[in-house]
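Below is one structure, written out as C-alpha cells; the observations come after it.
The values are calculated or read from the model by the stated rules, or taken from the named source; none is laboratory data. On a predicted model such as this, the values are computed, not experimentally measured, just so you know. In this analysis, Cβ positions are derived from the backbone assuming ideal geometry, glycine residues included, and neighbour counts consider all displayed protein chains.
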Amino acid sequence: MEASLTETVQTDTTHVTRVAIPVFQRRIAPVFDACLRVLTFDVEGDHYEKKSELRVYGLWPSERVAALQRAGVTTLICAGISEVLDNMLEGAGIRVIDGIAGQIEDVLQGFISSRLGEPHFLMPGRSRVAKIVEAAQAAISVATSSAREKGEKEGATAMTIAIPVAEGSLASHFGHAPEFAIVQVQDQEITRKNVLTPPSHEPGLLPHWLHQLGVEVIIAGRMGRRALTLFGQEGIEVITSAPSLVPEELVHQYLSHTLDDKRKRV
C-alpha cells in the first residue's frame with residue numbers, strides 16, 4: 001500500500017527492516033518498473049547496512065516482485081511505480097513508499113528519522129502532478145459520472161482518450177506537447193473534450209498523470225520506447241504514427257477504424 005506523502009513514515013526501531021531502493025548512479029531511479037538495479041539495506045534503530053545488489057534489468061513485473069521476496073525485502077522506497085506492480089507488491093506483503101527522490105544515503109537517513117514526508121524528499125513535480133490531477137478530475141468528473149451512469153443503465157461503452165496537441169492539432173512528439181486533449185467518448189460519440197496543461201517533462205510523470213485521469217487510449221505521433229513501455233505497464237493502449245489532425249477528427253477515425261492503415265498499437 002502506498003504510504004501517504006503528507007504523513008510521517010514510521011519505522012520499527014526494535015526490529016530489522018529490510019529496505020529496497022531502485023538506483024540510478026547514487027540517486028533513486030525514476031521508475032521502479034524500468035530500473036536496472038535495486039540495492040537492499042537492513043535498517044535497525046538509527047543504523048543501516050547494505051546487504052545486496054539485485055540486477056533486475058529485463059525482468060517482468062512478477063519476476064521483480066519475486067526477486068524482492070527472495071531478498072527478504074519488507075519495504076520498497078521508490079520515485080515512481082505502476083499501479084500493477086504496486087498492487088502485486090502489496091499482495092506479497094511488501095510496503096511501497098513512492099514519490100521519493102534524492103541521494104540514496106539521504107533517503108535512508110530520512111527513512112530512519114521518519115522524515116520522508118518532508119518536501120525536499122518528494123520527487124520533483126509530484127506535488128504539482130497531484131494538484132493538476134485534482135483540478136483535471138474536477139473539470140471532467142461531471143461528464144465522466146454521467147457517461148458512466150448512462151453506460152450502466154443502457155449497457156453502453158465509455159472510454160477516455162488522450163491526445164497531445166500543439167496549436168489545436170496533434171503534436172509531433174508526445175513528450176514535448178504543450179497541451180493534452182482529454183476526450184470523453186460514450187456510445188461511439190464524443191461527449192466532452194478538455195484541454196489540459198501537463199506536468200513538467202520529467203521521467204515517469206506523464207504516465208502517472210494520464211493514468212490518474214482514467215485515460216485508456218493515447219493517440220500520438222512519435223513516442224519514445226521507454227514511454228511506450230511505461231504506458232503498457234499502466235494498461236493504456238498507445239497508437240502512434242497518427243496524422244496531424246484536430247483531436248475530434250482523430251477520435252472519429254479511431255472509433256471508425258480508419259486509422260488502421262496508419263497506426264501502430266502497443
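Things to note:
- Residue in region 195-203 that is free of Cβ contacts under 8 Å to residues at least 12 places away in the same chain and farther than 14 Å from Ile161 by Cα present: no
- Counting only helices (runs of 4 or more DSSP H) that sit wholly inside region 81-169, those with at least 1 residues that are at pLDDT 85 or above and of a type outside the set (Phe, Trp, Tyr) are 83-91, 104-112.
- Consider region 211-237 and keep the residues that are touching a residue at least 60 places away in the same chain (Cβ under 8 Å) and assigned to a helix (DSSP H, G or I). The one that is nearest to Asp86 (Cα to Cα) is Gln233.
- Single unsatisfied condition, His208 versus (1) closer than 29 Å to Phe32 by Cα; (2) part of a strand (DSSP E or B); (3) touching a residue at least 60 places away in the same chain (Cβ under 8 Å): (2)
- Given (1) outside any helix (DSSP H, G or I); (2) crowded, with 17+ Cβ neighbours inside 10 Å, index of the condition Ile190 fails: (2)
- Pairing each residue of region 49-77 that is without any contact (Cβ under 8 Å) to a residue 12 or more places away in the chain with any residue that is aromatic (Phe, Trp, Tyr) and outside any helix (DSSP H, G or I), provided the two are 6+ apart or on different chains, yields C-beta distances under 6 Å for Lys50/Phe41.
- Taking the listed residues Val31, Val43, Val19, the one that is touching a residue at least 40 places away in the same chain (Cβ under 8 Å), farther than 15 Å from Thr74 by Cα, buried (at least 21 other Cβ atoms within 10 Å of the Cβ) and out of contact with any Cys (no Cβ under 7 Å at 6 or more places or on another chain) is Val31, with no other qualifying.
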